[in-house]
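Quick notes on the structure that follows.
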Amino acid sequence: MDEPGPSRLNPLAKLALELGPLVLFFLANAYSDRFGVPADRRIFVATGLFVVATVIALAVHYLLVRRLPLMPLVSGVVVVVFGGLTIALHDETFIKLKPTIVNSLFGACLLGGLAFDKPLLRVVMDSMFELTEEGWRKLTLRWAIFFFVLAGLNEIVWRTQTTDAWVNFKVFGIMPLTVLFALAQTPLLMRYELKREG
């Protein structure tokens with residue numbers, strides 16, 4: 001009988017699995033012309049690699065811990081669907097819409113949970129923090145708003161900039177903004193941390 005895997009992935013492995021497909025997407029778009037790919041086809045080659053790498057990353061994650069985290073799973077499904085449409089219809093609009101759709105979906109789900117007095121961020125964070133109910137509500141609201149901001153930024157960038165500029169924003173804009181935002185929540189986490197007895 002197989003031994004059950006660890007309940008949680010090593011943080012470095014988790015980061016590699018989540019960022020790996022995105023890095024490959026950037027590299028393929030930036031350098032595939034060196035392998036004879038015409039400039040107007042680079043985004044499609046990069047998208048194909050992004051889809052395959054995303055599926056592999058999710059499969060590896062599942063093999064390691066026997067479950068898939070909610071946010072990467074949802075994001076992965078959207079990558080496969082919209083990446084597939086991008087390639088099948090030869091229309092890069094679909095892959096450019098992916099961050100807008102994913103971030104809007106996350107924001108809407110978090111706000112919907114709050115409307116029913118269920119801060120869903122607690123589920124998404126997978127017990128990384130122990131906060132009071134008020135802390136979870138405030139943190140959930142902040143993240144919901146942030147996801148909508150990211151969706152709006154993506155819309156502005158892909159509609160006003162070149163494809164290469166959008167890819168750069170997706171890799172070097174969204175991720176640093178997310179990290180900075182997460183770090184900015186540290187005072188809230190410390191203020192509403194649930195103190196353990198004993």
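The values are calculated or read from the model by the stated rules, or taken from the named source; none is laboratory data. None of the values given here were measured: they were computed from a predicted structure. Don't worry about glycine lacking a Cβ; one is built from the backbone with ideal geometry, like all the others, and counts go over all protein chains shown. Areas reflect the complete protein model, heavy atoms only, side chains present, ligands, DNA and RNA absent. Shrake-Rupley method; radii C 1.70, N 1.55, O 1.52, S 1.80 Å.
Only residues that are at pLDDT below 90 and over 19 Å from HIS90 (Cα atoms) were counted across the range 1-60, and they come to 21.
The residues in the range 39-57 that are closer than 24 Å to LEU121 by Cα and touching a Leu at 6+ places or on another chain (Cβ under 6 Å) can be counted, and the count is 1.
Only one entry in LEU131, LEU97, LEU105 is surrounded by 15 or more Cβ atoms within 10 Å (Cβ to Cβ), more than 18 Å from the chain's Cα centre (by Cα) and not small (Gly, Ala, Ser), namely LEU131. Of all residues in the range 128-163, those satisfying the criterion of being part of a helix (DSSP H, G or I), charged (D, E, K, R) and under 27 Å from MET190 (Cβ atoms) are GLU133, GLU134, ARG137, LYS138, ARG142.
Taking the listed residues ASP91, ASP40, the one that is surrounded by fewer than 16 Cβ atoms within 10 Å (Cβ to Cβ), out of contact with any helix residue (DSSP H, G or I) (no Cβ under 6 Å at 6 or more places or on another chain) and not in a helix (DSSP H, G or I) is ASP91, with no other qualifying.
Can you work out which of the residues in the range 46-67 that are open to solvent by 60 Å² or more (accessible area, probe 1.4 Å) and in contact with a helix residue (DSSP H, G or I) (Cβ under 9 Å, 6 or more places away or on another chain) is farthest from PRO21 (Cα to Cα)?
Among residues in the range 46-67 that are open to solvent by 60 Å² or more (accessible area, probe 1.4 Å) and in contact with a helix residue (DSSP H, G or I) (Cβ under 9 Å, 6 or more places away or on another chain), the one farthest from PRO21 (Cα to Cα) is ARG67.
In the range 110-127, the qualifying residues are those that are touching a residue at least 24 places away in the same chain (Cβ under 8 Å) and either in contact with a Ser or Thr (Cβ under 7 Å, 6 or more places away or on another chain) or part of a helix (DSSP H, G or I) (or both), and the one that is most open to solvent (accessible area, probe 1.4 Å) is VAL123. Which pairs turn up if I take residues in the range 137-152 that are more than 17 Å from PRO176 (Cβ to Cβ) and aromatic (Phe, Trp, Tyr) and look for partners that are open to solvent by less than 10 Å² (accessible area, probe 1.4 Å) and modelled with pLDDT of 95 or more with beta carbon separation below 9 Å, at least 6 apart in sequence or on another chain? Once the first residue is more than 17 Å from PRO176 (Cβ to Cβ) and aromatic (Phe, Trp, Tyr) and sits in the range 137-152, its partners that are open to solvent by less than 10 Å² (accessible area, probe 1.4 Å) and modelled with pLDDT of 95 or more give PHE148/GLY107. The residue of the range 11-25 that is nearest to ILE174 (Cα to Cα), among those that are open to solvent by less than 40 Å² (accessible area, probe 1.4 Å) and among the hydrophobic types (A, V, I, L, M, F, W, C), is LEU22. Just a yes or no: is a residue in the range 74-84 open to solvent by 70 Å² or more (accessible area, probe 1.4 Å), assigned to a loop (DSSP other than H, G, I, E, B), free of Cβ contacts under 8 Å to residues at least 40 places away in the same chain and not small (Gly, Ala, Ser)? Checked the range 74-84: no residue is open to solvent by 70 Å² or more (accessible area, probe 1.4 Å), assigned to a loop (DSSP other than H, G, I, E, B), free of Cβ contacts under 8 Å to residues at least 40 places away in the same chain and not small (Gly, Ala, Ser). Taking first residues from the range 1-19 that are farther than 23 Å from VAL52 by Cα and partners that are assigned to a loop (DSSP other than H, G, I, E, B) and modelled with pLDDT of 70 or more, the Cβ contacts under 8 Å between residues at least 6 apart in sequence or on separate chains come to PRO4/ARG66; GLY5/ARG66.
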